[in-house]
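Peer 1: I have a structure I would like to understand better, so I am pasting it below and will then ask my questions one at a time.
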Amino acid sequence: MEFSNLRVYQPDGTFKTGGLSISGDRIASAEVSADAVDMGGLYAVPGLVDLHFHGCMGRDFCDGTHEAISTLAKYQAQIGVAAICPATMTYPEDKLTQIAEAAATYQAESNDAALVGINMEGPFISEAKKGAQNGAYLHAPDAAMFRRVQEKAGGLFKLCDLAPELPGSMETIDELAGEVRISIAHTTADYDTACEAFKHGARQVTHLYNAMPPFSHRAPGVIGAAFDNDNVAVELIADGVHVHPSVVRATFRLFENRVILISDSMMATGLDDGEYSLGGQAVTVRGNLATLHDGTIAGSATNLMDCVRSAVKMGVPLGQAIRSASTNPARAIGVEHDYGSLEPGKLANVLLLDEELNIHTILLRGRMLS
């Protein structure tokens, strides 16, 4: 399969006019023959990687069933996400174990996005900044507990979130930093505490700005600490609800190639407005806004491809938005050998987009999705 006359995404976030040759499930070359199909200048970008979302189409990853995972994986593939790392909510260990076991035994079908990891968003988080997480199941940071659940998951947990101000957090980071990527989340931590967590090995911040102290001129907090530590990546929800467009633009200026776009989508994504649930708590969805009944924002109702479109409308260059939704998350969870760019040898997960960023064609592991 060969395509010519494409604007092909490059790993540095630029585009280069050229072609793509695909052999089996892999990208073979940027060189094509005279028989290649002329694509009329469409953008060619890698399939996206969502490392933080909860659900869609009426199902939640925490349902803990193969059927739920399959629903998530099929929907994500149809909107351009090639690899998924769905997030758990704050639940007790037995529930997290059930979810882990379901993920470990799940087998993807040909039209499914690949399940490449799990993001443990709870329960090692702050009561004061729990957001839509269920406070009844909060738990002190516990490396042994994480390892027990990780064993049941067959090593699928790629991210472990925690609030670094909690007792035992630094010791937990010390123990786990070589085994899983630690992300600061749902936290009241100040600048010094966050810097200490990064020194111990934390390398990411979960949904920057949300569920943490604000960035101010005398108290820069987690946000300022992340800016001052060049090896730290930051997640960002560009759905038009969680973060103001001006702040989205500023974040891309401040953090440049360290931004990871996430959807943080919950089960209402892809469906109509109505009453849903997240982490066992009732959620009302109206448009892009999902809230608990007390008004707390409860995830998003926007998929990752729509977050890319939203970021571009806010003024983020397309190449930078794609890099943040594909290259950067693939690198963060250690799957960059197969995902995140259109380099020869990588899986042929390709989106062909028009000028308005509508999807023209989806190739998933070298196969066209209908």
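The values are calculated or read from the model by the stated rules, or taken from the named source; none is laboratory data. Just so it is clear, the structure is predicted and the values come from calculations on it, not from any experiment. As a convention, Cβ positions derive from the backbone with ideal geometry for all residues, glycine included, and neighbour counts pool all protein chains shown. Accessible surface is based on the protein model in full, side chains and every heavy atom, while ligands, DNA and RNA are left aside. Shrake-Rupley method; radii C 1.70, N 1.55, O 1.52, S 1.80 Å.
Peer 1: What tally of residues in the stretch 255-282 results from selecting those that are within 21 Å of the chain's Cα centre (by Cα) and more than 12 Å from Asp50 (Cβ to Cβ)? Walk me through it before giving the result.
Peer 2: Going residue by residue through the stretch 255-282, those that are within 21 Å of the chain's Cα centre (by Cα) are 255-271, 277-279.
Imposing the further condition that a residue be more than 12 Å from Asp50 (Cβ to Cβ) reduces the set to 255-259, 266-268, 270-271, 277-279.
Of the residues in that region, 13 qualify.
Conditions tested, residue by residue: (1) open to solvent by less than 50 Å² (accessible area, probe 1.4 Å); (2) touching a helix residue (DSSP H, G or I) at 6+ places or on another chain (Cβ under 6 Å); (3) of a type in the set (D, E, K, R).
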position	(1), (2), (3)
Asp273	no, no, yes
Ser277	yes, no, no
Thr284	yes, no, no
Ala325	yes, yes, no
Pro329	yes, no, no
Leu347	yes, no, no
Leu363	yes, no, no
Leu369	yes, no, no
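Peer 1: Now, a different point. As an exercise: evaluate Ala68 against (1) free of Cβ contacts under 8 Å to residues at least 12 places away in the same chain; (2) in contact with a Lys or Arg (Cβ under 6 Å, 6 or more places away or on another chain); (3) small (Gly, Ala, Ser) and give the number of the one condition it does not meet.
Peer 2: (1)
Peer 1: Restricting the search to the stretch 286-309, which residues are open to solvent by 10 Å² or more (accessible area, probe 1.4 Å) and over 20 Å from Ile84 (Cα atoms)?
Peer 2: Listed by number, the residues that qualify are Arg286, Gly287, Asn288, Leu289, Thr291, Leu292, His293, Asp294, Gly295, Thr296, Ile297.
Peer 1: Of the numbered conditions (1) under 29 Å from Cys62 (Cα atoms); (2) crowded, with 20+ Cβ neighbours inside 10 Å; (3) among the β-branched types (Val, Ile, Thr), Thr251 fails exactly one; give the number of that condition.
Peer 2: So Thr251 meets the others, but not (1).
Peer 1: Among (1) of a type outside the set (Gly, Ala, Ser); (2) in contact with a Phe, Trp or Tyr (Cβ under 6 Å, 6 or more places away or on another chain); (3) open to solvent by less than 50 Å² (accessible area, probe 1.4 Å), where does Arg7 come up short?
Peer 2: (3)
Peer 1: While we're on this one: I'd like to know if the stretch 175-184 contains one or more residues that are more than 17 Å from the chain's Cα centre (by Cα), aliphatic (A, V, I, L, M) and at pLDDT 95 or above. Show your work before the answer.
Peer 2: The first filter runs over the stretch 175-184 and keeps only residues more than 17 Å from the chain's Cα centre (by Cα), leaving 175-179.
This time we only want the ones that are aliphatic (A, V, I, L, M), so: 176-177.
Filter once more, keeping what is at pLDDT 95 or above: 176-177.
Yes, the conditions are met somewhere in the stretch 175-184.
Peer 1: Please specify each residue of the stretch 170-192 satisfying the condition of being over 19 Å from Ala233 (Cβ atoms) and without any contact (Cβ under 8 Å) to a residue 60 or more places away in the chain.
Peer 2: In the first step, residues of the stretch 170-192 are kept if they are over 19 Å from Ala233 (Cβ atoms); the result is 170-172, 174-175, 188, 190, 192.
Scanning the stretch 170-192 gives Met170, Glu171, Thr172, Asp174, Glu175, Asp190, Asp192.
Peer 1: If you don't mind, another one. Check the stretch 194-215 and report whether any residue there is at pLDDT 95 or above, open to solvent by less than 60 Å² (accessible area, probe 1.4 Å) and basic (Lys, Arg). Working first, answer last.
Peer 2: Step one: filter the stretch 194-215 for residues at pLDDT 95 or above, giving 194-215.
Going one step further and asking which of them are open to solvent by less than 60 Å² (accessible area, probe 1.4 Å), we end up with 194-195, 197-198, 200-202, 204-213.
Checking the rest, the ones that are also basic (Lys, Arg) come to none.
No; the residues of the stretch 194-215 include none that is at pLDDT 95 or above, open to solvent by less than 60 Å² (accessible area, probe 1.4 Å) and basic (Lys, Arg).
Peer 1: Give the residues of the stretch 174-193 that are open to solvent by less than 30 Å² (accessible area, probe 1.4 Å) and touching an Asp or Glu at 6+ places or on another chain (Cβ under 9 Å), sorted by residue number. Working first, answer last.
Peer 2: Let us first name the residues in the stretch 174-193 that are open to solvent by less than 30 Å² (accessible area, probe 1.4 Å), namely 176, 180, 182-187, 189.
Hits for the stretch 174-193 are Ile182, Ser183, Ile184, Ala185, His186, Thr187, Ala189.
Peer 1: Just to be sure, is Glu151 in a helix (DSSP H, G or I) and either over 19 Å from the mean Cα position of the chain (by Cα) or within 23 Å of Gly55 (Cα to Cα) (or both)?
Peer 2: Details: in a helix (DSSP H, G or I): yes; either over 19 Å from the mean Cα position of the chain (by Cα) or within 23 Å of Gly55 (Cα to Cα) (or both): yes.
In short, yes.
Peer 1: On the basis of being among the acidic types (Asp, Glu) and crowded, with 19+ Cβ neighbours inside 10 Å, does Asp354 make the cut?
Peer 2: Values: among the acidic types (Asp, Glu): yes; crowded, with 19+ Cβ neighbours inside 10 Å: no.
Answer is no for this residue.
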